[in-house]
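The values are calculated or read from the model by the stated rules, or taken from the named source; none is laboratory data. Computed from a predicted structure; not experimentally measured. Here the Cβ positions follow ideal geometry from the backbone for every residue, glycine too, while neighbour counts run over all protein chains shown. Heavy atoms of the whole protein, side chains included, go into the accessibility calculation; ligands, DNA and RNA do not. Shrake-Rupley method; radii C 1.70, N 1.55, O 1.52, S 1.80 Å.
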Amino acid sequence: QVRLVESGGGLVQAGGSLRLSCAASGSIFRVDAMGWYRQAPGKQRELVARAPSGGSTDYADSVKGRFTISRDNAKNTVYLQMNSLKPEDTAVYYCNAVVLRSDYRHPGTYWGQGTQVTVSS
């Protein structure tokens, strides 16, 4: 079994910063892509940032220049540093990872439980 545990959400004023963390644990052979998605009330879940195991990162246009995704592969952990936060960044943020389990032949996609980020104006 694979588990993704997020932390770091909360309430912040516009212009402030937050750092989200997500650690993958369980029967892991290899972690491929890791990323962050978000879902605001009444809206569809959308990609925020993605970090493949190799290669360049990818960001939604709305967060470019403000958010930075990074990984600690030794810890199977992904981070999202969010600066210059805006009220429109308010959403539940979900961690996502593509993981090859040690007892499976093919990788699967896993999700964290979500962490609330609220930006007040």
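Could you tell me which of the residues Ser25, Ser70, Ser21 is assigned to a strand (DSSP E or B), small (Gly, Ala, Ser) and in contact with a Gly (Cβ under 6 Å, 6 or more places away or on another chain)?
Working: Ser25 fails: in contact with a Gly (Cβ under 6 Å, 6 or more places away or on another chain); Ser70 fails: in contact with a Gly (Cβ under 6 Å, 6 or more places away or on another chain).
On inspection, the qualifying residue turns out to be Ser21.
Quick one: Tyr79 ticks every box in (1) within 12 Å of the chain's Cα centre (by Cα); (2) more than 14 Å from Leu20 (Cα to Cα); (3) open to solvent by less than 50 Å² (accessible area, probe 1.4 Å) bar one, so which box is it?
For Tyr79, the failing item is (2).
Do you know which residues across the stretch 98-113 are surrounded by 16 or more Cβ atoms within 10 Å (Cβ to Cβ) and within 30 Å of Gly15 (Cβ to Cβ)?
The one that is surrounded by 16 or more Cβ atoms within 10 Å (Cβ to Cβ) and within 30 Å of Gly15 (Cβ to Cβ): Gly112.
Going by the conditions given, is Val117 surrounded by fewer than 20 Cβ atoms within 10 Å (Cβ to Cβ), within 15 Å of Ser7 (Cα to Cα) and touching a Gly at 6+ places or on another chain (Cβ under 6 Å)? Break it down into steps so the answer makes sense when it comes.
Values: surrounded by fewer than 20 Cβ atoms within 10 Å (Cβ to Cβ): no; within 15 Å of Ser7 (Cα to Cα): yes; touching a Gly at 6+ places or on another chain (Cβ under 6 Å): yes.
So Val117 fails the test.
Here is a yes/no grid of residues against (1) modelled with pLDDT of 95 or more; (2) closer than 14 Å to Glu88 by Cα; (3) out of contact with any His (no Cβ under 9 Å at 6 or more places or on another chain):
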residue	(1), (2), (3)
Leu11	yes, yes, yes
Gly15	yes, yes, yes
Arg19	yes, no, yes
Met34	yes, no, yes
Arg50	yes, no, yes
Gly54	no, no, yes
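May I ask you to say which residue of Ala49, Ala74 is small (Gly, Ala, Ser) and in contact with a strand residue (DSSP E or B) (Cβ under 7 Å, 6 or more places away or on another chain)?
On the way: Ala74 fails: in contact with a strand residue (DSSP E or B) (Cβ under 7 Å, 6 or more places away or on another chain).
Just one listed residue meets the conditions, Ala49.
If the requirement is being within 22 Å of Pro107 (Cβ to Cβ) and of a type in the set (Asp, Glu), which of these qualifies: Glu88, Glu6?
Working: Glu88 fails: within 22 Å of Pro107 (Cβ to Cβ).
Matching residue, one of Glu88, Glu6: Glu6.
Name, by its number, the condition in (1) in contact (Cβ under 8 Å) with a residue 40 or more places away in the chain; (2) open to solvent by 40 Å² or more (accessible area, probe 1.4 Å); (3) farther than 17 Å from Val2 by Cβ; (4) of a type in the set (Lys, Arg) that does not hold for Arg38.
(2)
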